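Below is one structure, written out as C-alpha coordinates, with a few remarks after it.
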Amino acid sequence: IVVESVRLGTAALAGLLAALGALQVWHLAVLALVIGAAEAFFFPAYTALLPTILPADELLAANGVEGTVRPAAQSAIGPAIAGVLIGAYAPGVALIGAGLLYGLALVTLLFMRPLPQPVAAAGNGAEAGTKSSVLSDLREGFRYMFSTGWFFATLAFATFLVLLILGPIEVLLPFAVRDQTGSDASGYAVVVGAYGIGSMVGSMLMSSLRMPRRYLTVMILAWGVGSLPMAVIGFTDQLWVMVVAMFAVGVAGAVAMVIWGTLLQRRVPPHLLGRVSSLDFFVSLALMPVSMAAAGPVGEALGLPLTFVIAGVVPVALAVVALVGWRLPADEIAHPLDPGPGEEVTAP
(Lines give C-alpha, C1' and ligand atoms only; values in the text may rest on other atoms or scores of the structure.)
Protein backbone atom coordinates (compact mmCIF):
# COMPACT_ATOMS: atom_id res chain seq x y z
CA ILE A 1 0.00 0.00 0.00
CA VAL A 2 2.86 2.37 0.83
CA VAL A 3 4.62 1.52 -2.43
CA GLU A 4 1.51 2.18 -4.51
CA SER A 5 0.97 5.46 -2.68
CA VAL A 6 4.53 6.53 -3.49
CA ARG A 7 4.10 5.51 -7.14
CA LEU A 8 0.84 7.43 -7.37
CA GLY A 9 2.35 10.56 -5.86
CA THR A 10 5.49 10.37 -8.00
CA ALA A 11 3.63 9.93 -11.29
CA ALA A 12 1.11 12.62 -10.39
CA LEU A 13 3.88 15.07 -9.47
CA ALA A 14 5.70 14.39 -12.74
CA GLY A 15 2.47 14.88 -14.69
CA LEU A 16 1.70 18.12 -12.87
CA LEU A 17 5.19 19.51 -13.50
CA ALA A 18 4.91 18.57 -17.17
CA ALA A 19 1.48 20.19 -17.47
CA LEU A 20 2.86 23.39 -15.94
CA GLY A 21 5.85 23.35 -18.30
CA ALA A 22 8.23 23.15 -15.34
CA LEU A 23 9.50 19.56 -15.74
CA GLN A 24 13.32 19.35 -15.87
CA VAL A 25 15.63 16.42 -16.50
CA TRP A 26 16.80 16.43 -12.88
CA HIS A 27 13.16 16.17 -11.79
CA LEU A 28 12.82 13.01 -13.85
CA ALA A 29 16.07 11.62 -12.42
CA VAL A 30 14.95 12.15 -8.82
CA LEU A 31 11.45 10.77 -9.49
CA ALA A 32 12.94 7.74 -11.27
CA LEU A 33 15.15 7.12 -8.23
CA VAL A 34 12.10 7.20 -5.96
CA ILE A 35 10.11 4.81 -8.16
CA GLY A 36 13.13 2.50 -8.44
CA ALA A 37 13.41 2.37 -4.66
CA ALA A 38 9.69 1.64 -4.44
CA GLU A 39 10.10 -1.27 -6.86
CA ALA A 40 12.74 -2.72 -4.53
CA PHE A 41 10.14 -2.81 -1.75
CA PHE A 42 7.28 -4.00 -3.92
CA PHE A 43 8.53 -7.39 -5.11
CA PRO A 44 9.68 -8.75 -1.72
CA ALA A 45 6.40 -7.55 -0.21
CA TYR A 46 4.44 -9.18 -3.03
CA THR A 47 6.34 -12.45 -2.62
CA ALA A 48 5.59 -12.53 1.11
CA LEU A 49 1.97 -11.42 0.69
CA LEU A 50 0.83 -14.02 -1.83
CA PRO A 51 1.04 -17.06 0.51
CA THR A 52 -1.23 -15.22 3.00
CA ILE A 53 -3.91 -14.91 0.31
CA LEU A 54 -3.72 -18.30 -1.43
CA PRO A 55 -3.29 -21.91 -0.28
CA ALA A 56 0.06 -23.55 -1.07
CA ASP A 57 -1.26 -25.72 -3.92
CA GLU A 58 -2.41 -22.63 -5.85
CA LEU A 59 0.83 -20.65 -5.63
CA LEU A 60 2.43 -22.13 -8.77
CA ALA A 61 -0.65 -21.23 -10.84
CA ALA A 62 -0.77 -17.73 -9.35
CA ASN A 63 2.91 -17.08 -10.05
CA GLY A 64 2.44 -18.39 -13.58
CA VAL A 65 -0.50 -16.04 -14.19
CA GLU A 66 1.49 -13.12 -12.75
CA GLY A 67 4.40 -14.01 -15.01
CA THR A 68 2.03 -13.95 -17.99
CA VAL A 69 0.04 -10.81 -17.22
CA ARG A 70 2.87 -8.57 -15.96
CA PRO A 71 5.05 -8.74 -19.13
CA ALA A 72 1.96 -8.20 -21.29
CA ALA A 73 0.93 -5.13 -19.28
CA GLN A 74 4.47 -3.83 -18.84
CA SER A 75 5.85 -4.39 -22.32
CA ALA A 76 2.77 -4.14 -24.55
CA ILE A 77 -0.44 -2.73 -23.08
CA GLY A 78 1.19 -0.01 -20.95
CA PRO A 79 3.46 1.39 -23.69
CA ALA A 80 0.55 1.23 -26.17
CA ILE A 81 -1.71 3.29 -23.89
CA ALA A 82 1.12 5.73 -23.18
CA GLY A 83 1.81 6.12 -26.89
CA VAL A 84 -1.85 6.90 -27.62
CA LEU A 85 -2.03 9.47 -24.81
CA ILE A 86 1.24 11.13 -25.83
CA GLY A 87 0.24 11.21 -29.49
CA ALA A 88 -3.24 12.58 -28.80
CA TYR A 89 -2.39 14.92 -25.96
CA ALA A 90 1.04 15.34 -24.32
CA PRO A 91 3.59 13.41 -22.22
CA GLY A 92 2.20 15.03 -19.07
CA VAL A 93 -1.20 13.47 -19.72
CA ALA A 94 0.41 10.02 -19.99
CA LEU A 95 2.18 10.59 -16.67
CA ILE A 96 -1.09 11.59 -15.02
CA GLY A 97 -2.67 8.48 -16.57
CA ALA A 98 0.06 6.39 -14.97
CA GLY A 99 -0.79 7.99 -11.64
CA LEU A 100 -4.47 7.08 -12.09
CA LEU A 101 -3.54 3.46 -12.79
CA TYR A 102 -1.36 3.38 -9.68
CA GLY A 103 -4.41 4.72 -7.82
CA LEU A 104 -6.50 1.85 -9.19
CA ALA A 105 -3.89 -0.62 -7.95
CA LEU A 106 -3.97 1.07 -4.55
CA VAL A 107 -7.76 0.70 -4.32
CA THR A 108 -7.54 -3.05 -5.00
CA LEU A 109 -4.92 -3.43 -2.27
CA LEU A 110 -7.10 -1.59 0.25
CA PHE A 111 -9.83 -4.18 -0.25
CA MET A 112 -7.53 -7.20 0.15
CA ARG A 113 -7.73 -9.25 3.33
CA PRO A 114 -5.01 -11.84 4.09
CA LEU A 115 -6.05 -15.33 5.14
CA PRO A 116 -5.69 -15.96 8.88
CA GLN A 117 -2.28 -17.49 9.58
CA PRO A 118 -1.56 -20.01 12.36
CA VAL A 119 0.33 -18.54 15.29
CA ALA A 120 2.98 -21.25 14.89
CA ALA A 121 3.82 -19.87 11.46
CA ALA A 122 5.60 -16.95 13.02
CA GLY A 123 8.67 -19.04 13.63
CA ASN A 124 11.86 -18.08 15.41
CA GLY A 125 12.48 -14.41 15.99
CA ALA A 126 8.81 -13.50 15.58
CA GLU A 127 7.26 -14.89 18.74
CA ALA A 128 5.30 -12.67 21.03
CA GLY A 129 7.56 -10.63 23.24
CA THR A 130 10.59 -10.98 20.97
CA LYS A 131 12.06 -7.61 20.05
CA SER A 132 13.22 -7.13 16.51
CA SER A 133 15.23 -4.53 14.64
CA VAL A 134 16.23 -3.93 11.06
CA LEU A 135 19.79 -5.09 11.74
CA SER A 136 18.71 -8.24 13.57
CA ASP A 137 16.23 -9.05 10.82
CA LEU A 138 18.96 -8.50 8.23
CA ARG A 139 21.36 -10.75 10.12
CA GLU A 140 18.72 -13.46 10.34
CA GLY A 141 18.11 -13.20 6.60
CA PHE A 142 21.82 -13.52 5.79
CA ARG A 143 22.13 -16.39 8.27
CA TYR A 144 19.36 -18.22 6.46
CA MET A 145 20.98 -17.56 3.08
CA PHE A 146 24.39 -18.94 4.06
CA SER A 147 22.99 -21.91 5.99
CA THR A 148 20.45 -23.07 3.38
CA GLY A 149 22.19 -24.89 0.56
CA TRP A 150 19.47 -24.81 -2.10
CA PHE A 151 18.84 -21.10 -1.57
CA PHE A 152 22.51 -20.09 -1.55
CA ALA A 153 23.30 -22.25 -4.58
CA THR A 154 20.44 -20.76 -6.59
CA LEU A 155 21.37 -17.19 -5.66
CA ALA A 156 25.02 -17.76 -6.55
CA PHE A 157 24.04 -19.33 -9.86
CA ALA A 158 21.54 -16.55 -10.65
CA THR A 159 24.11 -13.86 -9.88
CA PHE A 160 26.57 -15.20 -12.45
CA LEU A 161 23.76 -15.94 -14.91
CA VAL A 162 22.71 -12.28 -14.81
CA LEU A 163 26.33 -11.22 -15.29
CA LEU A 164 26.66 -13.42 -18.37
CA ILE A 165 23.42 -12.94 -20.26
CA LEU A 166 21.86 -9.61 -19.31
CA GLY A 167 24.48 -7.39 -20.94
CA PRO A 168 24.40 -9.24 -24.28
CA ILE A 169 20.59 -9.14 -24.34
CA GLU A 170 20.22 -5.50 -23.31
CA VAL A 171 23.30 -3.98 -24.98
CA LEU A 172 24.63 -6.18 -27.77
CA LEU A 173 21.45 -7.69 -29.24
CA PRO A 174 20.48 -4.48 -31.12
CA PHE A 175 23.90 -4.44 -32.83
CA ALA A 176 23.66 -8.14 -33.70
CA VAL A 177 20.27 -7.55 -35.32
CA ARG A 178 21.50 -4.51 -37.25
CA ASP A 179 24.94 -5.70 -38.32
CA GLN A 180 24.17 -9.36 -39.07
CA THR A 181 20.66 -9.24 -40.52
CA GLY A 182 20.59 -5.71 -41.90
CA SER A 183 17.34 -5.04 -40.07
CA ASP A 184 16.40 -1.72 -38.53
CA ALA A 185 14.59 -0.91 -35.30
CA SER A 186 11.52 -2.85 -36.42
CA GLY A 187 13.57 -6.04 -36.71
CA TYR A 188 14.97 -5.52 -33.24
CA ALA A 189 11.44 -4.95 -31.95
CA VAL A 190 10.38 -8.30 -33.41
CA VAL A 191 13.27 -10.09 -31.69
CA VAL A 192 12.58 -8.43 -28.35
CA GLY A 193 8.87 -9.10 -28.78
CA ALA A 194 9.60 -12.79 -29.33
CA TYR A 195 11.50 -12.84 -26.03
CA GLY A 196 8.53 -11.26 -24.26
CA ILE A 197 6.03 -13.62 -25.87
CA GLY A 198 8.25 -16.54 -24.89
CA SER A 199 8.20 -15.35 -21.29
CA MET A 200 4.41 -15.19 -21.39
CA VAL A 201 4.15 -18.67 -22.90
CA GLY A 202 6.55 -20.16 -20.34
CA SER A 203 4.69 -18.57 -17.44
CA MET A 204 1.33 -19.70 -18.78
CA LEU A 205 2.67 -23.22 -19.29
CA MET A 206 3.86 -23.46 -15.68
CA SER A 207 0.60 -22.02 -14.35
CA SER A 208 -1.25 -25.00 -15.82
CA LEU A 209 1.08 -27.67 -14.43
CA ARG A 210 1.96 -29.13 -11.06
CA MET A 211 5.24 -28.32 -9.36
CA PRO A 212 7.84 -30.68 -10.86
CA ARG A 213 8.98 -33.39 -8.45
CA ARG A 214 12.57 -32.53 -9.42
CA TYR A 215 11.85 -28.82 -9.02
CA LEU A 216 15.42 -27.67 -8.29
CA THR A 217 16.84 -29.64 -11.21
CA VAL A 218 14.19 -28.42 -13.62
CA MET A 219 14.62 -24.81 -12.46
CA ILE A 220 18.43 -24.69 -12.69
CA LEU A 221 18.52 -26.51 -16.03
CA ALA A 222 15.78 -24.27 -17.44
CA TRP A 223 17.97 -21.27 -16.69
CA GLY A 224 21.25 -22.92 -17.72
CA VAL A 225 20.31 -24.98 -20.78
CA GLY A 226 17.67 -22.41 -21.66
CA SER A 227 20.47 -19.91 -22.35
CA LEU A 228 22.03 -22.11 -25.05
CA PRO A 229 20.01 -20.60 -27.95
CA MET A 230 21.85 -17.33 -27.35
CA ALA A 231 24.97 -18.98 -28.75
CA VAL A 232 23.53 -18.97 -32.26
CA ILE A 233 22.72 -15.24 -32.24
CA GLY A 234 26.32 -14.20 -32.80
CA PHE A 235 26.62 -16.31 -35.97
CA THR A 236 23.30 -16.21 -37.79
CA ASP A 237 22.40 -13.64 -40.40
CA GLN A 238 18.76 -14.67 -40.39
CA LEU A 239 16.29 -12.59 -38.38
CA TRP A 240 13.90 -15.51 -37.92
CA VAL A 241 16.65 -17.56 -36.26
CA MET A 242 17.20 -14.77 -33.73
CA VAL A 243 13.44 -14.60 -33.15
CA VAL A 244 13.24 -18.34 -32.45
CA ALA A 245 16.33 -18.24 -30.23
CA MET A 246 15.05 -15.38 -28.07
CA PHE A 247 11.60 -16.95 -27.87
CA ALA A 248 13.19 -20.14 -26.50
CA VAL A 249 15.28 -18.16 -24.00
CA GLY A 250 12.12 -16.37 -22.85
CA VAL A 251 10.17 -19.59 -22.38
CA ALA A 252 12.92 -21.28 -20.38
CA GLY A 253 13.61 -18.24 -18.21
CA ALA A 254 9.93 -17.80 -17.36
CA VAL A 255 9.55 -21.47 -16.41
CA ALA A 256 12.48 -21.13 -14.02
CA MET A 257 11.21 -17.85 -12.56
CA VAL A 258 7.74 -19.25 -11.80
CA ILE A 259 9.27 -22.26 -10.06
CA TRP A 260 11.67 -20.04 -8.12
CA GLY A 261 8.97 -17.68 -6.89
CA THR A 262 6.80 -20.59 -5.78
CA LEU A 263 9.77 -22.31 -4.19
CA LEU A 264 10.51 -19.29 -2.01
CA GLN A 265 6.90 -19.09 -0.90
CA ARG A 266 6.70 -22.79 -0.01
CA ARG A 267 10.09 -23.57 1.49
CA VAL A 268 11.17 -20.37 3.22
CA PRO A 269 9.70 -19.97 6.75
CA PRO A 270 6.87 -17.40 6.60
CA HIS A 271 8.48 -14.98 9.08
CA LEU A 272 11.63 -14.88 6.91
CA LEU A 273 10.00 -14.69 3.50
CA GLY A 274 10.00 -10.90 3.13
CA ARG A 275 13.65 -10.38 4.03
CA VAL A 276 14.80 -13.49 2.15
CA SER A 277 12.97 -12.23 -0.93
CA SER A 278 14.71 -8.89 -0.47
CA LEU A 279 18.09 -10.63 -0.40
CA ASP A 280 17.12 -12.55 -3.52
CA PHE A 281 16.16 -9.31 -5.26
CA PHE A 282 19.42 -7.61 -4.26
CA VAL A 283 21.96 -10.41 -4.63
CA SER A 284 20.67 -11.86 -7.89
CA LEU A 285 20.59 -8.40 -9.50
CA ALA A 286 23.78 -7.05 -7.92
CA LEU A 287 25.81 -7.63 -11.07
CA MET A 288 23.18 -6.28 -13.48
CA PRO A 289 24.87 -2.86 -13.86
CA VAL A 290 28.25 -4.57 -14.21
CA SER A 291 26.91 -6.83 -16.95
CA MET A 292 25.48 -3.94 -18.94
CA ALA A 293 28.60 -1.80 -18.46
CA ALA A 294 30.95 -4.63 -19.46
CA ALA A 295 28.94 -5.89 -22.44
CA GLY A 296 30.16 -3.16 -24.82
CA PRO A 297 33.90 -3.46 -24.12
CA VAL A 298 33.73 -7.28 -24.03
CA GLY A 299 31.77 -7.43 -27.27
CA GLU A 300 34.25 -5.10 -28.92
CA ALA A 301 37.26 -7.03 -27.66
CA LEU A 302 36.00 -10.56 -28.33
CA GLY A 303 33.54 -9.90 -31.13
CA LEU A 304 29.81 -10.55 -31.09
CA PRO A 305 29.99 -14.25 -32.08
CA LEU A 306 32.31 -15.30 -29.23
CA THR A 307 30.51 -13.07 -26.71
CA PHE A 308 27.14 -14.67 -27.47
CA VAL A 309 28.68 -18.16 -27.40
CA ILE A 310 30.05 -17.47 -23.92
CA ALA A 311 26.66 -16.12 -22.82
CA GLY A 312 24.94 -19.23 -24.13
CA VAL A 313 27.36 -22.01 -23.14
CA VAL A 314 28.86 -20.99 -19.80
CA PRO A 315 25.47 -21.01 -17.96
CA VAL A 316 25.17 -24.70 -18.79
CA ALA A 317 28.44 -25.42 -16.97
CA LEU A 318 27.36 -23.21 -14.05
CA ALA A 319 24.08 -25.13 -13.82
CA VAL A 320 25.96 -28.43 -13.55
CA VAL A 321 28.24 -26.97 -10.87
CA ALA A 322 25.25 -25.75 -8.86
CA LEU A 323 23.39 -29.05 -9.11
CA VAL A 324 26.37 -31.26 -8.32
CA GLY A 325 28.31 -29.00 -5.97
CA TRP A 326 25.37 -28.39 -3.61
CA ARG A 327 23.76 -31.81 -4.20
CA LEU A 328 20.46 -30.22 -5.16
CA PRO A 329 18.91 -33.44 -6.54
CA ALA A 330 19.29 -35.05 -3.11
CA ASP A 331 17.77 -31.98 -1.47
CA GLU A 332 14.66 -31.99 -3.66
CA ILE A 333 14.15 -35.71 -3.06
CA ALA A 334 14.40 -35.17 0.69
CA HIS A 335 11.95 -32.25 0.59
CA PRO A 336 9.13 -33.04 -1.86
CA LEU A 337 6.67 -30.18 -2.29
CA ASP A 338 3.91 -32.22 -3.91
CA PRO A 339 4.55 -35.66 -2.39
CA GLY A 340 3.58 -38.85 -4.11
CA PRO A 341 2.14 -41.97 -2.47
CA GLY A 342 4.00 -42.83 0.73
CA GLU A 343 5.87 -39.50 0.80
CA GLU A 344 5.44 -36.66 3.26
CA VAL A 345 6.18 -32.98 3.00
CA THR A 346 9.13 -32.32 5.26
CA ALA A 347 10.46 -29.14 6.82
CA PRO A 348 12.70 -26.95 4.66
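The values are calculated or read from the model by the stated rules, or taken from the named source; none is laboratory data. What you see is a predicted model, and the numbers here were worked out from it, not measured in a lab. Because the Cβ atoms are built from the backbone with ideal geometry, glycine has one as well, and the counts that use them run over all protein chains shown. Surface areas here come from the heavy atoms of the whole protein model, side chains and all, with no ligands, DNA or RNA. Shrake-Rupley method; radii C 1.70, N 1.55, O 1.52, S 1.80 Å.
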Problem - Cα centroid separation - the stretch 246-260 against the stretch 270-295, whole Å - result: 18
Completion exercise
Rounded to the nearest 10 Å², the accessible area of Leu17 using a 1.4 Å probe with every protein chain kept is 40
Problem - Helix-only CD estimate at 222 nm, as mean residue ellipticity for the chain, using -39500 (n - 2.57) per DSSP H run (n ≥ 4) - result: -24500 deg cm²/dmol
Handout entry: Ellipsoid semi-axes in whole angstrom, largest first, where each is sqrt(5λ) of the Cα gyration tensor of the stretch 65-106
Key = 20, 13, 5
Fill in the blank from the handout: One computes Rg over Rh for the stretch 132-281 from alpha-carbon atoms, with the Kirkwood Rh, and obtains 1.06
Handout entry: Relative intensity, log₁₀ I(q)/I(0), of the stretch 133-199 from a Debye sum that treats every alpha carbon as a point, q = 0.13, 0.16, 0.18 Å⁻¹
Key = -0.59, -0.70, -0.76
Fill in the blank from the handout: Here the tail fraction of P(r) beyond 31 Å, over all Cα-Cα pairs of the chain, rounds in percent to 41
Handout entry: Computed over the stretch 200-274, Kirkwood Rh from alpha-carbon pairs, angstrom
Key = 13.5
Problem - Cα-based equivalent ellipsoid of the stretch 1-51: semi-axis lengths in Å, sorted from largest, via gyration tensor - result: 27, 11, 5
Fill in the blank from the handout: Excluding ligands, DNA and RNA, the carbon-plus-sulfur percentage of the accessible area of the chain with a 1.4 Å probe reads 74
Handout entry: Neighbour net charge for Gln238 - beta-carbon separation under 15 angstrom, K R +1, D E -1
Key = -1
Handout entry: Highest-MSF residue in the chain out of Met288, Met112, Met246 [GNM, Cα springs under 10 Å]
Key = Met112
Handout entry: Surface accessible to a 1.4 Å probe, per residue, for the residues of the chain, Å²
Key = 52
